[in-house]
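Structure first, commentary second.
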Amino acid sequence: MARGHGRILTTIWEDPDFLALSEAAQRLYFFLISQPNLSHAGLLPLTARRWASTARALTEDLVRERLAVLDAAGFVAVDPDDEEVFIVDHFTHHGTGLNPRLAAAAYDAITVSASPRLRSLASMQLGLAVAKSPDTAPRGVRALVLERDGWQCRHCGWQPGDPVPAAPTGRPLARCLELDKGARI
């Protein structure tokens with residue numbers, strides 16, 4: 001599903017690492033986070049040629065050069081072999097750790113990434129976002145079920161604040177915590 005906007009925290013202007021980047025690298029970062037095909041996991045296909053066509057005098061080589069700068073500074077991770085890019089602070093900017101549905105959507109998006117390295121990095125970042133959220137306890141029916149079960153999922157053992165498990169086989173994070181229709185607490 002195409003997104004309508006990119007979200008960024010204003011605190012980025014207080015980040016000395018971001019301020020140390022060139023204007024061109026900062027612009028590319030903003031360009032990447034506003035891409036309509038950026039997944040809930042902060043992953044997007046590396047399409048340098050198409051990106052270069054969006055600005056006058058921008059070339060594919062310049063895009064790759066600026067991506068390398070962002071990668072070296074830790075703002076993105078690039079896998080040139082699998083042609084994917086991961087926006088490292090995506091989960092922080094989107095408040096993914098605060099919202100179990102966003103965390104589940106992010107987890108789903110991570111599992112379809114072509115890059116094992118970026119899947120691993122995104123899983124780690126998602127786990128950190130969930131663990132760092134000030135209120136890691138789920139709310140609503142899910143919270144009632146977890147409270148009943150001692151704050152641990154009966155199906156997978158997940159607890160609020162746990163990192164995202166590596167998931168080649170199981171159900172996505174927090175999906176197993178949802179109730180079946182008609183189930184009683």
Quick count over the stretch 33-57, residues being within 14 Å of the chain's Cα centre (by Cα) and assigned to a loop (DSSP other than H, G, I, E, B), is 8
Ser113 meets each of (1) touching a Leu at 6+ places or on another chain (Cβ under 6 Å); (2) closer than 16 Å to Ala129 by Cα; (3) in contact (Cβ under 8 Å) with a residue 60 or more places away in the chain with one exception, condition (2)
Reported set for the stretch 8-32 where residues are under 19 Å from the mean Cα position of the chain (by Cα) and outside any helix (DSSP H, G or I) is Ile8, Leu9
Per the list (1) within 21 Å of the chain's Cα centre (by Cα); (2) over 28 Å from Asp15 (Cβ atoms); (3) in a helix (DSSP H, G or I), residue check on Phe91 breaks on (2)
The residue that is most open to solvent (accessible area, probe 1.4 Å), considering only those in the stretch 7-29 that are touching a helix residue (DSSP H, G or I) at 6+ places or on another chain (Cβ under 8 Å) and of a type in the set (S, T, N, Q), is Ser22
Of the listed residues (Asp108, Asp89), the one being among the charged types (D, E, K, R), surrounded by 14 or more Cβ atoms within 10 Å (Cβ to Cβ), in contact (Cβ under 8 Å) with a residue 60 or more places away in the chain and closer than 30 Å to Gln159 by Cβ is Asp108
Checking Leu98, Leu102 in turn, the sole residue that is among the hydrophobic types (A, V, I, L, M, F, W, C) and open to solvent by 60 Å² or more (accessible area, probe 1.4 Å) turns out to be Leu98
For the stretch 7-25, pairs from a residue that is touching a residue at least 60 places away in the same chain (Cβ under 8 Å) and basic (Lys, Arg) to a residue that is open to solvent by less than 90 Å² (accessible area, probe 1.4 Å) and outside any helix (DSSP H, G or I), with Cβ under 8 Å and 6 or more apart or across chains, are none
Of the candidates Glu60, Glu83, the one satisfying the condition of being over 10 Å from the mean Cα position of the chain (by Cα), at pLDDT 90 or above, closer than 18 Å to Gln35 by Cα and open to solvent by 70 Å² or more (accessible area, probe 1.4 Å) is Glu83
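The values are calculated or read from the model by the stated rules, or taken from the named source; none is laboratory data. The structure displayed is predicted, hence computed values, not measured ones. Glycine gets a Cβ as well: all are built from the backbone with ideal geometry, and neighbour counts include every protein chain shown. To get the accessible areas, we keep the full protein, side chains included, count just its heavy atoms, and leave off ligands, DNA and RNA. Shrake-Rupley method; radii C 1.70, N 1.55, O 1.52, S 1.80 Å.
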